[in-house]
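One structure is given below, encoded as structure tokens.
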Amino acid sequence: MKTRDRILNAALTLFNEQGERKVSTNHLAAHLGMSPGNLYYHFKNKQDIIYYLFLQHEAQIESALSLPKGAQGIMTLEDKFNVMLGVFESLWHYRFIHLNLSQLLSDNPKLKQRYREFYQACLGKLDAVYQGLNEAGIISISQEQRKGLVTNTWINVTGWFAFLQSCVLEEGQSISKNMVEGGMYQVLQLESPYINPDYLADIDALKQAYQLALV
């Protein structure tokens, strides 16, 4: 593995386990058994490392939101579930970003600008997913309703960590993968009014599974 990739992988692990604020470049270099100078050869500073980790996260999310097609060229319920699962898997994998998103963006203007561009790209991809579900007959939704659903889904997904931190976690408790996946239940709730009757039973089964994940 290239040194640059080793640094990014180790940083992601430490940031997720300890919190980005508690991990300095010196800590990271010591963890890797390299000199700080060697680390700075590959990255200018910790903000630079965070930026490139965000680019990895961005690529995963945009891949998950890329319009899937079933065997007949039409979206299926399985496609829809895989989109949602891919998004929440990436949220968990890069959770340090969402646990401190506001501060990270405030500290790094370059990251903030990139995040704004990411937001716009994700809205477009999410709109295409809902349009595909509408064309497949899984949901029935107008263009105006779809616009609102896209925005509300984004707010729900990106605000999920803040909700868990402020309203769910007990003193000394850490966010678990099950808690993160519980956000899928909330997305399904947002979508429920638009689900066509033939798919309600399957959606209700998914909702039950991920409602339990939050407990």
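The values are calculated or read from the model by the stated rules, or taken from the named source; none is laboratory data. In this text the structure is predicted, and so the values were computed from the model without any measurement. For neighbour counting, all protein chains shown are included, and Cβ atoms are generated from backbone atoms with ideal geometry for every residue, glycine included.
Miscellaneous remarks
Let's see how each residue does on (1) touching a Gly at 6+ places or on another chain (Cβ under 7 Å); (2) among the β-branched types (Val, Ile, Thr); (3) buried (at least 17 other Cβ atoms within 10 Å of the Cβ):
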position: Lys2; (1), (2), (3): no, no, no
position: Arg6; (1), (2), (3): no, no, no
position: His31; (1), (2), (3): no, no, no
position: Asp48; (1), (2), (3): no, no, no
position: Leu53; (1), (2), (3): no, no, yes
position: Met84; (1), (2), (3): no, no, yes
position: Val87; (1), (2), (3): no, yes, yes
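- Tally of residues being surrounded by 14 or more Cβ atoms within 10 Å (Cβ to Cβ) and of a type outside the set (A, V, I, L, M, F, W, C) across region 14-26: 3
- Flag if Leu105 is more than 30 Å from Ala10 (Cβ to Cβ), over 12 Å from the mean Cα position of the chain (by Cα), part of a helix (DSSP H, G or I) and of a type outside the set (S, T, N, Q): no
- Listed by position, the helices (runs of 4 or more DSSP H) enclosed by region 130-215 that each have at least 2 residues that are aromatic (Phe, Trp, Tyr) are 143-163.
- Qualifying residue in region 113-120 (condition: more than 16 Å from Ile155 (Cβ to Cβ), charged (D, E, K, R), surrounded by 17 or more Cβ atoms within 10 Å (Cβ to Cβ) and in the same structural domain as Gln173 (by TED's automatic domain parsing)): no
- If you go through region 63-93 and keep only what is touching a helix residue (DSSP H, G or I) at 6+ places or on another chain (Cβ under 9 Å), in a helix (DSSP H, G or I), at pLDDT below 95 and among the charged types (D, E, K, R), you end up with Asp79, Lys80.
- Considering residues of region 11-47 that are of a type in the set (A, V, I, L, M) and under 20 Å from the mean Cα position of the chain (by Cα) only, the residue nearest to Ser174 (Cα to Cα): Leu14
- Scanning region 169-190 for residues that are of a type outside the set (Ser, Thr, Tyr), at pLDDT 90 or above and farther than 30 Å from Ile139 by Cα turns up just one, Ile175.
- Lone unmet requirement of (1) surrounded by 18 or more Cβ atoms within 10 Å (Cβ to Cβ); (2) farther than 26 Å from Leu55 by Cβ for Phe161: (2)
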